[in-house]
Amino acid sequence: MGQSPSSQRSHGGDLASSFEKFFKDFKMESKIISQEAINSIQSSLKAGDLQSAGSVINNALRDINNAPLSIAVTGESGTGKSSFINAIRGLRGEDKGAAATGPVETTMERTKYEHPKLPNVTLWDLPGIGTTNFLPHEYLEKMKFREYDFFIIISATRFKGLDAQLSLAIEKMKKNFYFVRAKIDSELYNEKKSKPNIFNEQEILERIRNDCMNQLKKANVSDPEVFLISNFDLADYDFPRLERTLLRELPEHKRHIFMQHLPNITEATIDRKKESLRQKVWLEAMKAGASAFVPMMGYISGNDMETLKDTLTLYRVFFGLDDSSLKIMAKDLDISMEKLKENLNFPHLLSVEKNQESLGEKLQRYVKNFSFVCGGPIATGIYFNKIFYLQNFVLETVANDAKVLLKKQISKDFEDSGQACLPQDVGNENGKSKTASS
């Protein structure tokens, strides 16, 4: 039974062409598998060796699915470490499982915080080196530095000499570290209140950034880069730039879990999540690739429906559309859950109501549009498993819903602050405040 070598080579050639076209559209820093793995898969497909290609894809998916991500956060007491940890976990100080906030260092031991919905991601709150009697290299040994993928060093004023010494010790151990200057919003507020007539936000931000960098250079930190952030408004200031930097410098197989871990702070973040998931769906579809084209338009099986339900549940968690997240958002927006869901498409995605098109018809319309816009596999005549279209159909819907909710949140924030909501600001890569990059 099975395919002849010639038909396998023909099939593999189609797959190789589609594989190359798909991944060339992604920037290097956004790819979730290494270029070496991409080249290996493509070579195997061109040779018609589908088994070898499948083996490499299977190994890549295993690494992506099982990748742990461990982030160490350190700094002096009162710098905002706990608030930072809560912010990137999508939690507030009052939420269950949130890191305790306050001006006093409450422990001399490292404290573990897992993401509430993504257990592969762990953040560690380390006591500031100034609150211990350890030298920098001793501190790192005591804090088990080998377990972390990278370090975030946080300051709320200027970086101290001990922070700089710590960074030098981390550098010697060949680990990545990033300087974060927190509480920028508070500093700007105080400056504006004390000097309203000469207040200039951009000049103040540049002055703060330059002061931090000069202090670090004096301590012999090579090529320091400082990120100015607000723990309460991650979309503002430099957090989007920090996000891009971390993605670029993380190993490929850990980028996916990091992206899904982040809260939806901008449309760019949502798009990165979607593109990361789209790569994963593509790899899964390649792995399960059919030996002949599957015209899935007219028939959706019971197994397909169960798969779609599971996919929808998972993607809702990734994009903050699960019931617990929506409940918090509805409370913040002062509307009911039912009213909030009226603006969303995912609740009706898998339902078939009277006078509405069937799921198969919805899917057919999506595939036609996807192929036209993206030059998808159907346009190139590739043999492809329908899993790609089914899961992408769910992914597009949920990602678009996340953007709808983001706009609602931004509108509410602007209303609360007495400002008009400008559509062109929504999803800006730098958030609401435009800052100069260092």
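The values are calculated or read from the model by the stated rules, or taken from the named source; none is laboratory data. Small disclaimer: the values here were computed from a predicted structure and weren't measured. Note that each Cβ is placed from the backbone with ideal geometry, even for glycine, and that neighbours are counted across all protein chains shown.
Structure above, values below:
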read-out	value
For residue 194: the one exception among (1) buried (at least 18 other Cβ atoms within 10 Å of the Cβ); (2) more than 17 Å from residue 73 (Cβ to Cβ); (3) polar (S, T, N, Q)	(1)
Test result for residue 140, among the hydrophobic types (A, V, I, L, M, F, W, C) and in contact (Cβ under 8 Å) with a residue 24 or more places away in the chain	yes
Checking residue 218 against (1) without any contact (Cβ under 8 Å) to a residue 60 or more places away in the chain; (2) within 28 Å of the chain's Cα centre (by Cα), the condition it does not meet	(2)
Boolean, residue 248 is in a helix (DSSP H, G or I), crowded, with 19+ Cβ neighbours inside 10 Å and either in contact (Cβ under 8 Å) with a residue 24 or more places away in the chain or not assigned by TED's automatic domain parsing to the domain that holds residue 93 (or both)	no
Positions within region 32-75 being touching a His at 6+ places or on another chain (Cβ under 6 Å), more than 19 Å from residue 21 (Cα to Cα) and either crowded, with 20+ Cβ neighbours inside 10 Å or modelled with pLDDT under 90 (or both), in sequence order	64, 67
Count - residues of region 59-76 that are in contact with a helix residue (DSSP H, G or I) (Cβ under 6 Å, 6 or more places away or on another chain) and either free of Cβ contacts under 8 Å to residues at least 12 places away in the same chain or of a type in the set (S, T, N, Q) (or both)	1
Residue check, residue 284 closer than 18 Å to residue 91 by Cα, among the charged types (D, E, K, R) and not in a loop (DSSP other than H, G, I, E, B)	no
